[in-house]
Amino acid sequence: MTVYYGEILALSTILFLMGVVCAIARRNLIMILIGVEVMLNAAGIALVAGSARWEVLDGQAMVFFIMAFAAAEVAVGLALILFLHRRTGSVHSDTYSVMRG
Amino acid sequence: MNLFAVCFYSLSAIILVSTALAITRVNQVHAVVYLVISFFATSLLFYLLGAPLLAVLEVIIYAGAIMVLFLFVIMTMKTDHPKSKATLWRQWIFPLLMWLVCIVISVVLILRDPDAGLRIMPYFVSPVEIGTYLFKNFWLGVEIVSLLLFVALVGALYLGKGGAPSVRCGEGEKP
């Protein structure tokens, strides 16, 4: 019993869809960001699998870039959440349903 | 039943179960810790598929920096846990239904792919090879990513200081 390429792609797809469910079903802003991280990780798994299937290095190079900009995005996203929490006192997304100003 | 398949199936089981637990926790610290377990298993999966540098970077960057940053932010914020806003079943029925439909569609599409029946062998790449390849072919991307990290640093610093209203001019300077 060996591993088929379709099985790794199926794992990556299920993981990506779990990230989507987390991003749309949770109301806490931090959990939405965690959903985004799960999605990026799933894309990384698919890329490394593609790199192993075609035996080129492009997939692994792209995962480098994905990790780097995921770190940058999380830093800015969490800074935004801290700023919002300081301004309004809550991280529940229902608080931000009205535009003020 | 070779070792590669046993490792792959057990790792993917750990990844799926810990991610499923992570996205359903009410307590955010529990969710982050389950996600760290998932990232460790993903790192081992990367090593299994032949990318040792990516495995190490996944632990260092994802599990070691990003998740720790999440934990710091969760700990510094007094987030409210109102009991009435806990995980409601009504809130989850429609996303779970969508999840199932999308999984069925994607499995059908994957099975129709002629590549899906290929056996994957690990394509082992040493760090020297991947580093040379990255800097030979994608040097511009590496420079842009370093610039992007700098921009993210400036942005996070500016937002962390409180944004525009709390920035004050120094003494003797005109606003």
Report the chymotrypsin sites (Phe, Trp or Tyr not before Pro) located in segment A:20-101 that are in a DSSP loop and have at most 11 other Cβ atoms inside 10 Å of their Cβ, or state none.
-> none
Per 5 Å bin, what is the whole-percent P(r) computed from every C-alpha pair distance within the protein assembly as shown?
-> 1, 5, 11, 15, 16, 15, 13, 10, 6, 4, 2, 1, 1, 0, 0, 0
Given 14 as the ceiling on other Cβ atoms within 10 Å, longest exposed-site-free region of chain B for trypsin sites (Lys or Arg not before Pro) in DSSP loops = B:79-167
Protein heavy-atom accessible area occluded, B/A pair - total, 1.4 Å probe, Å² | 7000
Counting only protein heavy atoms with a 1.4 Å probe and every protein chain in place, the carbon and sulfur fraction of the accessible surface of chain B in whole percent equals 74
Which is the longest part of chain B that has none of the GluC sites (Glu not before Pro) sitting in a DSSP loop with at most 14 other Cβ atoms within 10 Å?
-> B:1-170
At q = 0.11, 0.12, 0.24, 0.28 1/Å the base-10 log of I(q)/I(0) from the Debye formula over the alpha-carbon atoms of segment A:1-75 is -0.32, -0.37, -1.04, -1.18
Just subtract the alpha-carbon distance of B:K78 and B:A20 from 0.36 nm times their residue separation and send over the number in nm, one decimal.
-> 18.4 nm
Low-density loop positions, GluC sites (Glu not before Pro), segment A:30-101 - DSSP coil, at most 16 other Cβ in 10 Å = A:E55
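If you roll a 1.4 angstrom probe over the protein chains with everything in place, what fraction of the accessible area of segment A:27-79 belongs to carbon and sulfur, to the nearest %?
72
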Hey, what's segment A:4-49 come to in accessible area per residue, 1.4 Å probe, Å²?
-> 23
Net charge (Lys, Arg +1; Asp, Glu -1) of residues whose beta-carbon lies under 13 Å from that of B:F4, B:F4 excluded, is 0
Tell me, what does the Kirkwood hydrodynamic radius of chain B come to in angstroms if you use every pair of distinct C-alpha atoms?
-> 20.7
For B:A5 and B:L153, extending 7 Å from Cα along the Cα-Cβ vector and measuring point to point gives, in nm, a value of 4.9
For chain B the mean separation of alpha carbon contacts under 8 Å (6+ apart) over residue count, i.e. relative contact order in percent, is 19
How high is the FRET efficiency from A:W54 to B:M98, r the C-beta distance, R0 41 Å, rounded to 0.05?
-> 0.85
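The values are calculated or read from the model by the stated rules, or taken from the named source; none is laboratory data. These numbers were taken from a predicted model, which means no experiment stands behind them. Quick reminder, even Gly has a Cβ in these numbers, built from the backbone with ideal geometry, and neighbours come from all protein chains shown. Just the protein is used for accessible areas: all its heavy atoms, side chains included, with ligands, DNA and RNA removed. Shrake-Rupley method; radii C 1.70, N 1.55, O 1.52, S 1.80 Å.
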